[in-house]
Amino acid sequence: MEFRAQTKFVRVSPQKARLVLDLIKGQRVEDALNTLAFTKKRIAAKVEKLLRSAVQNANYLSTEKNVDVDLDNLYVKHAVANDAPRMKRIRPAPMGRAYRYVRRLAHIEIALAERGKNGAGDLATVVGDQQAATSAPAKKRRAVAKKKSVGKKAVAKK
């Protein structure tokens with residue numbers, strides 16, 4: 001089961017938010033919270049608050065809705081920062097002109113999932129499937145590359 005939390009219209013560019021989100025993807029919740037606590041980016045505090053909200057959503061479902069959730073086995077399954085509407089602003093320029101610039105906003109979403117009892121979760125199977133899918137075409141490319149023969153160079157006349 002997946003537990004989600006999202007925040008919208010955050011005053012940070014999505015590119016900067018993705019730098020922090022990439023640090024916590026695939027980590028256990030406890031490790032992700034420690035990582036965010038010691039990250040020196042301004043957005044890390046907001047991402048930490050969002051992660052705690054997702055954990056509380058899982059806690060709420062386990063206590064109130066009788067869903068069997070072990071909070072110690074949760075990990076960050078999905079963490080994305082998408083574009084939000086941009087704010088257009090104007091800066092004064094010389095000789096009565098104006099320069100336009102854009103203030104970017106982000107929609108941030110985090111999804112948590114529970115790992116299996118043996119510690120292997122959905123992430124391991126997804127990574128294994130991706131490796132299997134990418135290894136087959138690579139073998140075909142190697143076979144094609146071996147068939148090509150190297151052409152002989154002609155000796156230049158002096």
Radius 13 Å from Cβ of residue 38, net charge of other residues (Lys, Arg +1; Asp, Glu -1)
0
Whole-number D in µm² s⁻¹ for the range 1-122, Kirkwood Cα-pair radius fed into Stokes-Einstein, 10 °C, 1.306 mPa s
100 µm²/s
Under 18 Å from the Cα of residue 46 - aspartates and glutamates, other chains or at least 8 residues apart
22, 30, 31, 83, 109
Could you name the aspartates and glutamates whose alpha carbon sits less than 12 Å from that of residue 157, not counting residues in the same chain fewer than 8 places away?
none
Have a look at 76, 51, 95 and report the one farthest towards the positive end of the charge dipole of the range 2-117, computed about the Cα centre with Cβ charges (Lys/Arg +1, Asp/Glu -1).
95
Would you kindly state how much longer the chain becomes between residue 95 and residue 65 on full extension, computed as 0.36 nm times their sequence separation minus their alpha carbon distance, in nm to one decimal?
4.3 nm
Too-long pairs where the Cα-Cα distance tops 27 Å, listed order kept, from 16/65; 49/77; 16/88; 41/65
16/65; 41/65
Most packed first (mean Cβ within 10 Å per residue), the peptides 84-97, 11-24, 52-65 order as 11-24, 52-65, 84-97
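No lab work stands behind these numbers, since they all come straight from the coordinates. Keep in mind it's a predicted model, so treat the numbers as computed, not measured. When we count neighbours, we look across all protein chains shown, and the Cβ atoms used for this are built from the backbone with ideal geometry, even at glycine.
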